[in-house]
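Undergrad: Pasting in a structure now, in structure tokens, and then I'll have a few things to ask.
The values are calculated or read from the model by the stated rules, or taken from the named source; none is laboratory data. In this text, all values refer to a predicted model and were calculated from it rather than measured experimentally. Using ideal geometry, Cβ is built from the backbone for each residue, glycine included, and neighbour counts are taken over all protein chains shown.
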Amino acid sequence: MERAEILWWWTVGVLLALCAATSVAWLLDGRQIGGESVWVKPIKFQLSLALHCATLALVASGLAGTWRDGALLRWVAFASIAATGFEVAYIMVQAGRQQASHFNRDTPFLAAMYAAMAVGAVVITVAAAIVGAVAWADAGARFGPALRLAVALGLIGGTVLTLIVAFRMGGALTRHVGLEAPGAARMPLTGWSLTVGDRRVPHFFATHMMQAVPLAGLIAERTLPRAPAVGAVLLVAAGWVALTLWFFAQANRGEPVLG
């Protein structure tokens, strides 16, 4: 059977191909949901999940053969890829129907699908924590001390923060804290509200801790002696957590990201 990293890389390829096709739909289809193209959300999720799977594949490729060839990571890959497929497919179907996928509980079926999306998101996110824990436990992994620590902190810490923010946002059934006026100013590219609190901001930083801290660890390991490199990783991880929690508190107070 294929190693987990190969399964994740195949998923990256499929997601990027879907993103290319969805981008064509975005150019040709003028329909909107909530003031933006119906295809913006599918594109964002395709790119975000491609980055997530690529992160897991890169970490898995640095593990010792025992872990790379073992059943645990393969089952983690299967579960996360199945959840990814469900999430992307449902978001695309809802976009095609010009209906919201998130926070949409207008019928019993839509409420059930929203609950299923929550389960899928947990599976996808927790997969990162498992990979991070394996990287920390694997004495034969091809990581130096700073990078090993960075991978563990980034993936496990990112998982915890993501679940905290996502459950708060999902339970509220809205990304915003406050009433956003129609046509209100939003940040380019991200679409974050510039007039009310927006929990997508801390969600972004929580999720991408999984890439930012390991990248910092890689740079530190290649440019600094061992002890300063480990110290730099701890500093970056602590700073990233603090920044994410600050944005989370800001959003919960109803304050815009640039407020």
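Undergrad: From the list Ala54, Ala17, which residue is surrounded by 15 or more Cβ atoms within 10 Å (Cβ to Cβ), under 29 Å from Val131 (Cα atoms) and assigned by TED's automatic domain parsing to the domain that holds Val119?
TA: Numbers: Ala17 fails: surrounded by 15 or more Cβ atoms within 10 Å (Cβ to Cβ).
Of the residues listed, the single one that is surrounded by 15 or more Cβ atoms within 10 Å (Cβ to Cβ), under 29 Å from Val131 (Cα atoms) and assigned by TED's automatic domain parsing to the domain that holds Val119 is Ala54.
Undergrad: While we're looking at this one, here's another question. Given the conditions (1) closer than 23 Å to Ser23 by Cβ; (2) part of a helix (DSSP H, G or I), which single one is not true for Gln98?
TA: Only one criterion is unmet by Gln98, namely (2).
Undergrad: Something else: Just checking, which of Ala60, Ala83 is over 30 Å from Ala25 (Cα atoms), surrounded by 16 or more Cβ atoms within 10 Å (Cβ to Cβ), in the same structural domain as Ala137 (by TED's automatic domain parsing) and not aromatic (Phe, Trp, Tyr)? Working first, answer last.
TA: Details: Ala83 fails: over 30 Å from Ala25 (Cα atoms).
Criteria check complete, one pass: Ala60.
Undergrad: Can you work out which of the residues in the range 186-211 that are of a type outside the set (D, E, K, R) and assigned to a strand (DSSP E or B) is surrounded by the most Cβ atoms within 10 Å (Cβ to Cβ)? Let's see the steps before the verdict.
TA: Restricting attention to the range 186-211, the residues satisfying the condition of being of a type outside the set (D, E, K, R) are 187-197, 201-211.
Still in the list and also assigned to a strand (DSSP E or B): 193, 197.
Numbers: Ser193: 26, Gly197: 24.
Checking each candidate, the answer is Ser193.
Undergrad: To continue, here is another question. Looking at the structure I just gave you, is Leu58 under 30 Å from Phe143 (Cβ atoms) and in a helix (DSSP H, G or I)?
TA: On the way: under 30 Å from Phe143 (Cβ atoms): yes; in a helix (DSSP H, G or I): yes.
Yes.
For (1) of a type in the set (Val, Ile, Thr); (2) assigned to a helix (DSSP H, G or I); (3) modelled with pLDDT under 95, each residue gets a yes or a no:
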| site | (1), (2), (3) |
| --- | --- |
| Ala116 | no, yes, no |
| Val119 | yes, yes, no |
| Ile124 | yes, yes, no |
| Ala127 | no, yes, no |
| Val131 | yes, yes, no |
| Gly140 | no, no, yes |
| Ala146 | no, yes, no |
| Val151 | yes, yes, no |
| Gly154 | no, yes, no |
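Undergrad: For the range 8-58, which residues satisfy the criterion of being under 24 Å from Ala150 (Cβ atoms) and touching a Phe, Trp or Tyr at 6+ places or on another chain (Cβ under 8 Å)? Break it down into steps so the answer makes sense when it comes.
TA: Of the residues in the range 8-58, the ones under 24 Å from Ala150 (Cβ atoms) are 8-9, 11-12, 47-58.
Within the range 8-58, Cys53, Ala54, Leu56, Ala57 qualify.
Undergrad: Out of all the residues in the range 12-40, which are over 25 Å from Ala83 (Cα atoms) and part of a strand (DSSP E or B)?
TA: Gln32, Glu36
Undergrad: Tally time: how many residues in the range 109-118 are surrounded by fewer than 16 Cβ atoms within 10 Å (Cβ to Cβ) and touching a helix residue (DSSP H, G or I) at 6+ places or on another chain (Cβ under 8 Å)?
TA: Residues meeting the conditions: 2.
Undergrad: Still on this structure, please answer the following. Pick from the range 217-252 the residues that are of a type in the set (Gly, Ala, Ser) and within 10 Å of Ala146 (Cα to Cα): which of them is surrounded by the most Cβ atoms within 10 Å (Cβ to Cβ)? Steps first, answer last, please.
TA: Quick first cut of the range 217-252, residues of a type in the set (Gly, Ala, Ser) only: 217, 220, 227, 229, 231-232, 237-239, 242, 249, 251.
If we keep only those that are within 10 Å of Ala146 (Cα to Cα) too, we end up with 217, 220, 227, 229, 231-232.
Working: Gly217: 28, Ala220: 24, Ala227: 10, Ala229: 24, Gly231: 13, Ala232: 19.
Going through the qualifying residues, I end up with Gly217.
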